[in-house]
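Heads up: the structure comes next, in structure tokens.
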DNA sequence: TGTTTATACGGAACGTAGATCCGCTTGTCA
DNA sequence: TGACAAGCGGATCTACGTTCCGTATAAACA
């Protein structure tokens, strides 16, 4: 939705033409930032991100005027990736299995967001839109998975997608980085819960 | 364990003699820090705390080598105050009422701790002991209140104190600063839940 | 292909905040 | 009251976010 190819504005708004190197750099910065955030936390110095990306700090700040803008951009990217995964998994697996796989992916997403919990409650305007972005992307994605599983009679239909997102988000958030096994078992438990009573709902 | 000067062990313990002004300053710093934390968040500059306390930064750092040590100290103080309140309220109110009053006080405590949520998950050693401190102080305090209410037949006995702490903590944490009314009603709901079935448990 | 120019780049420089250092002050004890 | 350890404060060092501006270059044009 943003990579408007170069020459397509033949007439009206010919003010674009993002230079190729700029585009490339923005991408690199986001990749590097993501990796450094997960390695050192969201507090890594901008300078480090810049150096590791092979650019100067000026370049980072031109694209992301505030540090928090960069953090928010990485966040959105990861939401997108997780949503995309929901689509992929839905195409390649049975509904019930797809649900399990996606929940696990989702807990991994949440686990890396622990450092942002405070930021989301902060007043920084860069983060203001993130909760909405989160919900308006994840809710439909999960709804699609649930609908598919409900349609095949595997789960019941009286659980709201958003409530599930919160519940699983909560349990993934509450545990340390070692919680993988715990998380998987909780996810299974939740899906069992969804399966319970599946028959009487159809 | 480190500054054992030679002459101060006349026999066993004579290692005290905290100078009066030092004691006074430490107290002032903690008071001021608490008030500034709640006004501006835990990110207020140490300089500001020092100035407002009428001391130099050096004085603050002598007592609290790291910024986070100060934050942790204020946290412990507030835990203590909240626990003390449990004792007070238990002496001056009927068990059921005491429970309500204390839960409200507790939600207020939690609400001011939103900024620390991330810190508690951080690796800063100053915060490492806080979760244990939290639990080992709050759990017995709440247990006493619950026991009293159970003894008078007002509530049932099958709810673990720590689970209650987490549940109420969770709801207080999840809401914005405007959540007072919501929180009170949720607390009432929880206590009603405790009252439910009180009779068959005795 | 050569010229022009809007875009983008890098990193020096600035302001602020945490943390340290050390010469000066003061409470305490005899 | 005098001596001195305990305590004080703020100048100073370091690190980080952010800004600025001279230089480099991709892209448009000839």
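The values are calculated or read from the model by the stated rules, or taken from the named source; none is laboratory data. These figures come from a predicted structure and were not determined experimentally. Note that we place each Cβ from the backbone using ideal geometry, even for glycine, and neighbour counts take in every protein chain shown.
Tabulated data
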| item | result |
| --- | --- |
| Flag for residue A:157 being touching a helix residue (DSSP H, G or I) at 6+ places or on another chain (Cβ under 7 Å), touching a residue at least 60 places away in the same chain (Cβ under 8 Å) and more than 14 Å from every other protein chain (Cβ to nearest Cβ) | no |
| Criterion violated by residue A:66 - all others in (1) within 23 Å of residue A:116 (Cα to Cα); (2) modelled with pLDDT under 95; (3) within 7 Å of DNA strand D (Cβ to nearest atom) satisfied | (2) |
| Residue match in the range B:54-75 (condition: closer than 21 Å to residue B:140 by Cα and away from DNA strand C (no atom under 15 Å from the Cβ)) | yes |
| The range B:112-124: number of residues that are assigned to a helix (DSSP H, G or I) and more than 11 Å from chain A (Cβ to nearest Cβ) | 0 |
| Single unsatisfied condition, residue B:163 versus (1) part of a loop (DSSP other than H, G, I, E, B); (2) within 14 Å of chain A (Cβ to nearest Cβ); (3) more than 30 Å from residue A:40 (Cβ to Cβ) | (1) |
| Selection count, the range B:33-49, where residues are part of a helix (DSSP H, G or I) and within 14 Å of DNA strand C (Cβ to nearest atom) | 8 |
| Test: residue A:171 is assigned by TED's automatic domain parsing to the domain that holds residue A:106, modelled with pLDDT under 85 and within 19 Å of the chain's Cα centre (by Cα) | yes |
| Residue in the range A:71-79 that is within 14 Å of chain B (Cβ to nearest Cβ) and either modelled with pLDDT of 95 or more or within 11 Å of DNA strand D (Cβ to nearest atom) (or both) present | yes |
| Qualifying positions in the range A:15-47 - within 13 Å of DNA strand D (Cβ to nearest atom) and within 14 Å of another protein chain (Cβ to nearest Cβ) | A:37, A:40, A:41, A:42, A:43, A:44 |
| Of residues in the range A:105-123 being in contact with a helix residue (DSSP H, G or I) (Cβ under 6 Å, 6 or more places away or on another chain) and within 19 Å of residue A:155 (Cβ to Cβ), the one modelled with the highest pLDDT | A:105 |
| Residue within the range A:180-201 that is modelled with pLDDT under 85, within 14 Å of chain B (Cβ to nearest Cβ) and closer than 17 Å to residue A:109 by Cβ present | no |
| From B:98, B:126, B:149, residue being touching a helix residue (DSSP H, G or I) at 6+ places or on another chain (Cβ under 7 Å) and either surrounded by fewer than 20 Cβ atoms within 10 Å (Cβ to Cβ) or not assigned by TED's automatic domain parsing to the domain that holds residue B:182 (or both) | B:126 |
